[in-house]
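S.K.: Dumping the structure here so I can ask a few things about it.
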Amino acid sequence: MGLGKTVQAIAAMVSLRNTGETHFIVVCPASVLSNWCREIKKMSLLRPIKVHGTGRDSALKHWINAGGVAVTTYETTGRLEMPEGFKFGMLVVDEAHYVKNPKARRSINVKELCESTGRLLFMTGTALENKVDEMIELIDVLQPKVAVKVRPLAALPQAPLFQQEVAPVYYRRKREDVL
C-alpha cells in the first residue's frame, strides 16, 4: 500500500492514449471502484466510466462507443458482453491476487478479458508474501512461458535463479524504498 501502483497504472494508460489507444479497462474490488474513478479524473484527462450496478449495460455501451476507462468489479466481469472481435488498449487488474485460483469464476472471467488486449497490468501487494504457487498462477495469465520456467523453481523463491526468471513480469518495490 502507498507504493504508487494506481498512479503508475494511470500513467501507463495515458501513455498508451498518447499513442492512439482509446479504450482501457480496470477491474478492481467494489470497495475501491469509486476511488479508481476519482483518481483517473484527478490524475489524467482520461474519462472514467463506472461499469457496475444497475446501469452497467448502458455504461458499457457508452464506453464501447466513446472510449475512456471502463472501471468495473470482479463480479461484474461475468456480465460484460463485448462485441465480437472487440479489442482494447490495456487491462489493469487491481488486487490481482483475487484471481489466483484458476478455477474460480472471477479468474476465468478476467482471463477471458485478457484475450481482448495485448497489454496486461496485474497489481498486487501480496504476490510473494502468500504462496509462490499462487504467484505463478498470476504469471501464467501474464506470460505462460515464464510460468513454465519458474514452476520447477517454486520451492526456492528467494534463489537468484527464480528471481531472475520472474523479473520480466514482476516489478517489486518495498515501501521503505519508495518513501
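The values are calculated or read from the model by the stated rules, or taken from the named source; none is laboratory data. Remember, predicted model here, so these are calculated numbers, not experimental data. Positions of Cβ are generated from backbone atoms using ideal geometry, with glycine treated the same way; all protein chains shown enter the neighbour counts. Side chains included, ligands, DNA and RNA excluded: accessible areas come from the protein's heavy atoms. Shrake-Rupley method; radii C 1.70, N 1.55, O 1.52, S 1.80 Å.
S.K.: Do any GluC sites (Glu not before Pro) in the stretch 82-135 lie in a DSSP loop with no more than 11 other beta carbon atoms within 10 Å, and if so, which?
M.R.: Filter output for the stretch 82-135: GLU84, GLU115, GLU129.
S.K.: Could you calculate the contour length gain from LYS42 to GLU75, that is, 0.36 nm times the residue separation minus the distance between their Cα atoms, to one decimal place in nm?
M.R.: 9.3 nm
S.K.: May I ask you to give the solvent-accessible area per residue for the stretch 1-58, in square angstrom, as obtained with a 1.4 angstrom probe?
M.R.: Ligands and nucleic acids excluded, the figure is 55 Å² per residue.
S.K.: Mind checking which lysines have their C-alpha under 26 Å from LYS5, skipping anything on the same chain fewer than 8 residues away?
M.R.: Of all the lysines, those that pass the test against LYS5 - Cα under 26 Å, at least 8 places apart if same chain - are LYS41, LYS42, LYS50, LYS87, LYS100, LYS111, LYS131, LYS145, LYS174.
S.K.: Also, I was wondering about something else. Could you work out how much longer the chain between ASN101 and ASN18 gets when fully extended? Use 0.36 nm per residue separation minus the Cα distance between them, nm to one decimal.
M.R.: Once the chain is fully extended between ASN101 and ASN18, it gains 26.4 nm.
S.K.: What does the net charge come to around ARG47 if you take all other residues with beta carbon closer than 14 Å to its beta carbon, with K and R at +1 and D and E at -1?
M.R.: +3
S.K.: Something else about it: Using a 10 angstrom Cβ neighbour count of at most 15 plus a DSSP loop assignment to flag exposed chymotrypsin sites (Phe, Trp or Tyr not before Pro), which longest range of the chain is free of such sites?
M.R.: 1-85
S.K.: Looking at the stretch 55-108, which trypsin sites (Lys or Arg not before Pro) are in a loop (DSSP not H, G, I, E or B) and have at most 10 other Cβ atoms within 10 Å?
M.R.: Qualifying residues, ordered by number: LYS103.
S.K.: How much of the accessible area of the chain, probe 1.4 Å, is carbon plus sulfur, in whole percent?
M.R.: Within the chain, the accessible surface is 52 percent carbon and sulfur.
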